[in-house]
1. Is it the case, given these coordinates, that A:A249 is open to solvent by 10 Å² or more (accessible area, probe 1.4 Å), assigned to a helix (DSSP H, G or I) and more than 30 Å from A:S304 (Cα to Cα)?
2. Just to check your reading of the model, which residue among B:A120, B:A160 is over 15 Å from B:P39 (Cβ atoms), away from every other protein chain (no Cβ under 14 Å), surrounded by fewer than 19 Cβ atoms within 10 Å (Cβ to Cβ) and touching a strand residue (DSSP E or B) at 6+ places or on another chain (Cβ under 7 Å)?
3. Among the residues of the stretch A:1-25, what is the count of those that are part of a helix (DSSP H, G or I), open to solvent by 40 Å² or more (accessible area, probe 1.4 Å) and of a type in the set (S, T, Y)?
4. Which numbered condition in (1) open to solvent by less than 30 Å² (accessible area, probe 1.4 Å); (2) free of Cβ contacts under 8 Å to residues at least 60 places away in the same chain; (3) assigned to a helix (DSSP H, G or I) is the only one that B:V113 fails?
5. Within the stretch A:57-84, can you find the residues that are without any contact (Cβ under 8 Å) to a residue 24 or more places away in the chain and either in contact with a helix residue (DSSP H, G or I) (Cβ under 7 Å, 6 or more places away or on another chain) or within 17 Å of A:T121 (Cα to Cα) (or both)?
6. Of all residues in the stretch B:189-201, which are part of a loop (DSSP other than H, G, I, E, B), in contact (Cβ under 8 Å) with a residue 40 or more places away in the chain and either within 14 Å of another protein chain (Cβ to nearest Cβ) or surrounded by fewer than 20 Cβ atoms within 10 Å (Cβ to Cβ) (or both)?
7. Return only the number of the condition from (1) open to solvent by less than 20 Å² (accessible area, probe 1.4 Å); (2) touching a residue at least 24 places away in the same chain (Cβ under 8 Å) that A:G336 does not satisfy.
8. For the stretch A:26-53, how many residues are more than 10 Å from every other protein chain (Cβ to nearest Cβ) and open to solvent by less than 30 Å² (accessible area, probe 1.4 Å)?
Amino acid sequence: MRFAFTEEQEAMRKATRAFLTTASSSREVRRATCTPRGWDEGAYATAAGELGWAMLPFSEADGGLGLSWLEVGVVLEEIGRALFPSPFFASVCLTGNALAALGDEGQRARWLAPIAAGTSTGALAWGAADSWRARDATVLARRVSAGWALDGEVPLVPGAHDATTLVVAARDEAGALGLFVVDDGDGVTRAARQTLDATSRFFSLSLRGARVAPDARLGGELDASKKLDRVLSIAMAMLACQQVGAAEACLDAAVEYAKTRHQFGKPIGSFQAVKHLLADVLTHVELAKSAAYEAAFLAARDDSELEPSAWTAKTLASTALSLAAGQSIQVHGGVGFTWEVDAHRYFKNAQQTEALLGAPAALREAFAARMGIGA
Amino acid sequence: MKILVPLKRVADPDNANKIKIPAGGATIDTTGLEWKPNPFDEYALEAALRLTENGATPKTRGGEVIVVTFGPKECETTLRAALATGADRAIRVDAKDDELDGSIVAKALRAIVDKEKPDAVVMGKQAVDGDSNQIGQMLAQHLGWPQATFAATIEEEDGALLVGREVDGGVITLRVKLPALVTVDLRIVAPTSVYSKQTKRDFKYNDGVRFAALPAIMAAKKKPLAELKLAELVSDTALKVQYSRFEAPPSRKAGIKVKDVAELVTRLKNEAKVI
């Protein structure tokens, strides 16, 4: 078995990094995150559309490229490295992923194809943002004469508040979980939420008898819990790849600074207190990277081991990023917590992504329970 | 229009500190070096792509761009990257780096031009490793073609190229009849630098070279990449240029602090001898 990326995957990484070097420079990120939308629409249109990022994992019939989540993981690692502010994760890894898994041909043509083409954005509301399981869905669906009516609150939904396609997980009167594409209208309120990390956006969703057409329930009336769990596991693996990229960026910045900043006539990186600290970060980042790559590899296959692998990857990547971001600030010393140095942006991203789709403590607990050693 | 674009891989200038010179200085140790396309060659490819499309969104191709490089098998990465960017096909001339000099490459390119019969050769003005700036001029001489070097703008006309060259004090505009050879400078990738006959004059490109789309990277696998032997192209493979010795530039000494302006002036005068 080959345990390395192919020449094409490496070429994709290189091309993605080349684009992000200018499109997601520190200056560009600061500019874009200060706009009302929170990202540069032109840059996202180029990346998702012209450069084909959004089409990677979807089938050619759905307007995709027919590749896999492993290639998406490569792109996300670079997105994390550059902290590219964009709706890519919410649109492709959550919404597009759900539409591909559950939508019928007509539904995929209507909602997935524009996401794959980069011409529309998406958001998936499944429950609390720190949950990673379909069983945590809180919205209720009841049958009405012309389809369905949805009621409930989702306090934090990843993505843009004005995302074009909104998919909501809701439990119907029979107890079956369904995914519904909700159009804006009476009973639907979306409000942008200000969160710690400016590079990813969230909104709150309130549904009060929101009407959904009969053909907007994805995949019919069968219970979608298992499929949604897999969708969320794939998203978790992708988020871990993004965190690994961000952690590497923190480590690279800290190492570079330790080589150039002199104290007592030597680079600070020559002092044990600094070099051991950075070596410790490196071991965490490498461990997380291996776990994230394995999860992305399994996400690319119909593998029953994806779920625990994704939990492991997300746990290790969250831990590695938090450590790398925090220690990067420490190594940078006094300038490390200034606005001008980017270390704080990674630190905020670390805190936010750690909580999204399962915090490490909760995931470890779930893992222990799965192994039969939980409380 | 059919355009031939020679490409060269060079050691990544951002990692120049990785270049090692073994004791004796007979060669450069390239182990562990990271390679990237010569930036001026990337600009030439961008110019060639602009000359063979209509400059609309989405673009329609109206010609053929062939990229060619000289070197070992690993150089195919450079060619695949060019194919992913938009080139139509590629040629690698199999050769070791130490078998090549400007004269041999120019003669081999002439043989390729004779075979491919392009309307133009568009290439970087020089490679950023050797900075020789000679292959374009030598190739034009071998071919007997008109040449326009250091191009900052190119406009396609019927049977000719209108080339703007930035020189001290202004811009010289040359009209070269096709077939012709053009070497490009860095401003060739500005938004309004290159226009094919099909591109509207109010169209503006993005500044810089284009990025490879991910679908194009996959499609590049299927584009033709031919391999030629150097000996098939050049009968005399004796090197005209031989390097007798390499040595690294002296490392910079640490700076010193001076007490006052008077000491600074004294040191500049007596030690640095610059005033």
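The values are calculated or read from the model by the stated rules, or taken from the named source; none is laboratory data. Everything numeric in this text was worked out from a predicted model, so none of it was measured. Using ideal geometry, Cβ is built from the backbone for each residue, glycine included, and neighbour counts are taken over all protein chains shown. With ligands, DNA and RNA removed, areas are computed over all heavy atoms of the protein, side chains included. Shrake-Rupley method; radii C 1.70, N 1.55, O 1.52, S 1.80 Å.
1. Details: open to solvent by 10 Å² or more (accessible area, probe 1.4 Å): yes; assigned to a helix (DSSP H, G or I): yes; more than 30 Å from A:S304 (Cα to Cα): yes.
Answer is yes for this residue.
2. On the way: B:A120 fails: surrounded by fewer than 19 Cβ atoms within 10 Å (Cβ to Cβ).
Only one candidate qualifies: B:A160.
3. 2
4. (2)
5. A:L65, A:G66
6. Let us first name the residues in the stretch B:189-201 that are part of a loop (DSSP other than H, G, I, E, B), namely B:190-193, B:196-201.
Narrowing the set further to residues that are in contact (Cβ under 8 Å) with a residue 40 or more places away in the chain leaves B:193, B:196-200.
Correct list: B:S196, B:K197, B:Q198, B:K200.
7. Unmet condition: (2).
8. 8
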